[in-house]
Structure formats: C-alpha cells, structure tokens
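I have placed the structure first, in the form of structure tokens, so that the comments after it can refer back to it.
Derivation of every value follows stated rules applied to the coordinates shown; laboratory data play no part. On a predicted model such as this, the values are computed, not experimentally measured, just so you know. Positions of Cβ are generated from backbone atoms using ideal geometry, with glycine treated the same way; all protein chains shown enter the neighbour counts.
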Amino acid sequence: MSDGADEVLYGEHEITFLEELWGDGFLSPGGADEVARAIDGVTLVGKTVVDIGCGSGGATVALVRDHGADRVIGLDVEAPVCARARARVEREDLTDRVEIRLVSPGPLPFDDISVDIVFSKDSIVHISDKETLAVDVFRVLRPGGWFVASDWLIAHDHEPSPEMAAYIAAEALDFGMASPHRYRAALEAAGFADVQLVNRNQWYREVARAELERLTGSERAHFESLIGVEAMNKQIATWTAMVPVLESGEHCPHHIRARRPL
Ligand SMILES: C[S@@+](CC[C@H](N)C(=O)[O-])C[C@H]1O[C@@H](n2cnc3c(N)ncnc32)[C@H](O)[C@@H]1O
C-alpha cells in the first residue's frame, strides 16, 4: 500500500514466501550481507537511524546488532509486517533500542534536523514521488547526515519496454520505479552532496537466476506446501518475467547514498 491503497500487499503468505527465499526477517534479497554492503563506510555507531519500509525487521535489527546504531525507528505502512518486526525486536531483546511504527504514507513523522541517518532497503520502489521524498529526507537529517539505501530502479525514464511492463504487472506490487538519473537529480535538487549510485544489476541477475532454479526445481514442493500451488505459480511467473529484464539491464537495483552538507 505504497502511495495510499488499502489492500495489504505484504500479507502473511507473501511474508512467509519471501522470508523462505531471502532469509529470516528479509523481504528483499541479500540479507544482512547486502545491508553491510549498502552501508559500508558510513558509521552507525551511536547514531539515530530511521529505516523507511522496515518490513519484517531483519535489516532494522541488523543496523543495531551488526552495525552499532544507538537507536533505530523502523517505519512501515502495513500492519502484518510491523507485527512481525515487533516480534523480532522482542526476541532479540532490543525493545529499548528499536521502535517499529505503523505509519500512513506521507511525510516522515520526525522534526526537522532530528535524525543522523535515513536508511532504506528495497522499499522506496513503492514511493513513486522520489522528488518529494528526497526533500523530506533532507529536511529530517542533521547536517552531515547520510541517506543510505538500496532500491529497485529502472534504467531509463521512457516508457518501460513490453518485457519490463509485463514484469511490473506480474509483481502487482504498486511499483513506482525511477531511473538512476532521476534519483540523482531529485537528491541534488533537494540539496544533497556526495550523491553516489552503484548498479547492483550484475549481482542480482546471478542471484535471481539461482532463485528461479530453486522455485522451479527441488524446492518447489516445499514452497508449495508453505503458500499453495496457485500462489507458487504466480511467484514463478513473476521470477520468469523478472530474469529477462535483469539480463537486459532494464531492471537495475542500486545502492544509493547522499550526504546533507554540514
Ligand atoms: C520489499 S519490502 C522490503 C522490506 C525490508 N526493508 C527488507 O529489506 O526486508 C518493501 C516494504 O516497504 C513497505 N512500504 C511500502 N510503501 C511504503 C511507504 N510509503 N512508506 C514506508 N514503507 C512502505 C512495504 O509495506 C514493505 O514492508
């Protein structure tokens, strides 16, 4: 429910499927290693971090447990993922350092100049207005603070190719993808400096091919036992549509970072 829809997109079945594929607590690929790669070189120790689109909380918890953030506030717009994330935070005994907030889409619920780092893993794809988001992230960051994200991008600002359009339709997830060019322009126009974008297409195209093999091969029956045959057929159709647009480069996950100047 990215920009205001009522339907829950990440319900129990989707969470179960995605965590089985991508790891406990993760609704996006790469797990804690990919979190570490995205934030490499940015110090979280002692910092207050906001995690936009925290999902079921694997990355949110990793920011404290693995990277020393003092406090993390995970935001998400859907109740089932927030419930999973809160349970994770309790299991990890991190309730004093991690807060999960169910929010409505819209401006970040923080005062100006009140946050050290804004982080996000593969969630801003659901927020189509990158320009307004960039201005809002800049607003809440303290001078010198970093915006650090991974996200799913499209390689250009034209109409998606038929293959890309078919993939986006198969996802049925309210995607509002933007190009690296548009991301950079949005961040620079908002006032950010040191804008860096790193294309992760090569990495994820290999990973996604292996995922499709898992889904269609020896693990298919196991996945079917978790979410049912019909839901599994839909997931396989999505991955089958995704692999070609990763191979063409049109679907290009990126790491993105930018700093609010001092
Ligand atoms: C692909 S999942 C990624 C979750 C998590 N970051 C991870 O890597 O496992 C995308 C998440 O973004 C959330 N989301 C969608 N629109 C949002 C919005 N406008 N603000 C915050 N979160 C949003 C979804 O509910 C979902 O939990």
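Tabulated values for the structure
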quantity: Average projection area in nm² (convex hull over Cα atoms of the chain, one quarter of hull surface); calculated: 12.9
quantity: Within straight-line cross-link reach of Lys130, lysines at Cα separation under 20 Å, skipping those fewer than 8 residues along the same chain; calculated: Lys121
quantity: Table column - 3J(HN,Hα) (Hz), the stretch 215-227, Karplus curve with 6.51, -1.76, 1.60, x for Gly and Pro; calculated: 5, 9, x, 5, 8, 4, 4, 5, 4, 4, 5, 7, 10
quantity: Residues with amide H under 5 Å from that of Lys47, placed H, sequence gap 5 or more; calculated: Asp70, Arg71
quantity: Amide H contacts of Leu153 (H built 1.01 Å from N, under 5 Å, at least 5 apart or other chain); calculated: Cys252, His254
quantity: Convex hull volume per residue for the stretch 88-207, taking Cα atoms only, in Å³; calculated: 150
quantity: Cα-based Rg / Dmax (Å) for the stretch 112-159; calculated: 12.1, 38
quantity: Rough spin-label spacing in nm, given labels placed 7 Å along Cα→Cβ, for Ala221 and Asp157; calculated: 5.2
quantity: Sorted by Cβ neighbour density within 10 Å, fewest at the top, the residues Ser114, Ser28, Ser104; calculated: Ser104, Ser114, Ser28
quantity: Stokes-Einstein translational diffusion, the stretch 1-150 - Kirkwood Rh over all Cα pairs, 1.002 mPa s, 20 °C, in µm²/s; calculated: 141
quantity: Set of lysines near Lys234 by C-alpha distance (under 22 Å), chain-local residues within fewer than 8 positions excluded; calculated: none
quantity: Dimensionless Rg ratio for the stretch 7-95, taking C-alpha atoms and the 2.2 N^0.38 Å reference; calculated: 1.03
quantity: Computed over the stretch 129-262: relative contact order in percent, which uses C-alpha pairs under 8 Å that are six or more apart; calculated: 48
quantity: Among Asp111, Asp151, Asp24: highest mean-square fluctuation, GNM of the chain, C-alpha pairs under 10 Å; calculated: Asp111
quantity: Contact order relative to length of the stretch 21-73, as percent, for alpha carbon pairs under 8 angstrom and 6 or more apart; calculated: 41
quantity: Relative contact order [Cα under 8 Å, 6+ residues apart], the chain, whole percent; calculated: 20
quantity: Sum of -39500 (n - 2.57) over DSSP H runs of 4+, divided by residues of the chain (222 nm, nearest 500); calculated: -13500 deg cm²/dmol
quantity: GluC sites (Glu not before Pro) restricted to the stretch 161-247 and DSSP loop, no more than 16 other C-beta within 10 Å; calculated: Glu219
quantity: Pairwise centroid distance, computed over Cα atoms, of the stretch 1-75 with the stretch 115-171, Å; calculated: 15
quantity: From phi via Karplus (6.51, -1.76, 1.60), per-residue ³J(HN,Hα) for the stretch 106-112 in Hz, x at Gly/Pro; calculated: x, x, 5, x, 9, 5, 4
quantity: Sorted by Cβ density within 10 Å, fewest first, the residues His251, His67, His126; calculated: His67, His126, His251
